[in-house]
Amino acid sequence: MAESQGGLKNIHHGRRQPRVRLLAPLKYMQISHPEKIWYDFFIPAGLAVASLSFYFLIDDRPSLFGDGGIAKSLRDILAIAIPFLFGALASVAMGLPGPYFDKRPLGAPLLLDGKALTMRQFVAYLLGYVTFLSLLLLGVCFFGDTFHQSIISLFARIHIPRAVLFYVGAVLIFTIGSFLSVSILWSLYFLTDVVNVSEDDPK
């Protein structure tokens, strides 16, 4: 009998699965839809390039790390937002807000592994992905804020220019932040517009 890809592995009889379970939220990126690729790649990438260009070009740019830096501000925001995202994901995954959510959205289907997803399934994947990005960005900000002086000292000992840390930190923060921001806006669009479209609405 073939082993299911979902659920917890049978610790006595299940074979080792190649997929890293802690990266399961990234399965959202495998969902195919004609419109979704714009919100997954093209718009976030464009926003990342634009925001990075703006940050590097301005003269009086705010610092990335330290008191009053961008990383600290993001940590404060994410510390509040992440518990709400976990709560929303738990509510959707456990059966709320009701059976209407188990219908498929109108229009082009959202496909994963060749199967059309219901609104609940897609929103669960979407919220999982947004939460994952939030945790990733929080981790980058926390690590950079906590260890940037130690990393600067390490770079100095091995003769790596300090600017490398600045550019790497900026690329990580602005790129992850861009993908997170667009994904949040995409989820807001889906939750406020798509899920409220009924089959009885006029074409």
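Please go through (1) surrounded by 15 or more Cβ atoms within 10 Å (Cβ to Cβ); (2) at pLDDT below 90; (3) not small (Gly, Ala, Ser) for Leu96 and return the number of the only condition it doesn't satisfy.
That leaves (1) as the condition not met.
Just the residues that are surrounded by 15 or more Cβ atoms within 10 Å (Cβ to Cβ), among the aliphatic types (A, V, I, L, M) and over 11 Å from Phe179 (Cβ atoms), please, taken from the stretch 40-55.
Leu52
For the stretch 99-144, give me each residue that is surrounded by 13 or more Cβ atoms within 10 Å (Cβ to Cβ), in a loop (DSSP other than H, G, I, E, B) and of a type in the set (D, E, K, R).
Lys103, Arg104
Pull up the stretch 62-76, narrow it to residues that are surrounded by fewer than 14 Cβ atoms within 10 Å (Cβ to Cβ) and under 19 Å from Ser181 (Cβ atoms), then point me to the one that is farthest from the chain's Cα centre (by Cα).
Only one residue tops the list, namely Pro62.
State which residue pairs qualify: first residue free of Cβ contacts under 8 Å to residues at least 40 places away in the same chain and inside the stretch 157-184, second residue aliphatic (A, V, I, L, M) in any location, beta carbons under 7 Å apart, and separation of 6 or more residues or different chains.
The qualifying pairs are Arg162/Ile152; Leu165/Ile151; Leu165/Ile152; Leu172/Val140.
Is there a residue being at pLDDT below 95, in a loop (DSSP other than H, G, I, E, B) and not aromatic (Phe, Trp, Tyr) anywhere in the stretch 171-194?
Looking through the stretch 171-194, at least one residue is at pLDDT below 95, in a loop (DSSP other than H, G, I, E, B) and not aromatic (Phe, Trp, Tyr).
Can you work out which of the residues in the stretch 124-159 that are of a type in the set (A, V, I, L, M, F, W, C) and in contact with a Phe, Trp or Tyr (Cβ under 7 Å, 6 or more places away or on another chain) is modelled with the highest pLDDT?
Within the stretch 124-159, the subset of a type in the set (A, V, I, L, M, F, W, C) is 124, 126-127, 130, 132-133, 135-138, 140-143, 147, 151-152, 154-156, 158.
Still in the running and in contact with a Phe, Trp or Tyr (Cβ under 7 Å, 6 or more places away or on another chain): 126, 133.
Details: Leu126: 92, Leu133: 96.
Out of the qualifying residues, it is Leu133.
The values are calculated or read from the model by the stated rules, or taken from the named source; none is laboratory data. As the structure is a prediction and not an experimental result, all values here were calculated from the model. As a convention, Cβ positions derive from the backbone with ideal geometry for all residues, glycine included, and neighbour counts pool all protein chains shown.
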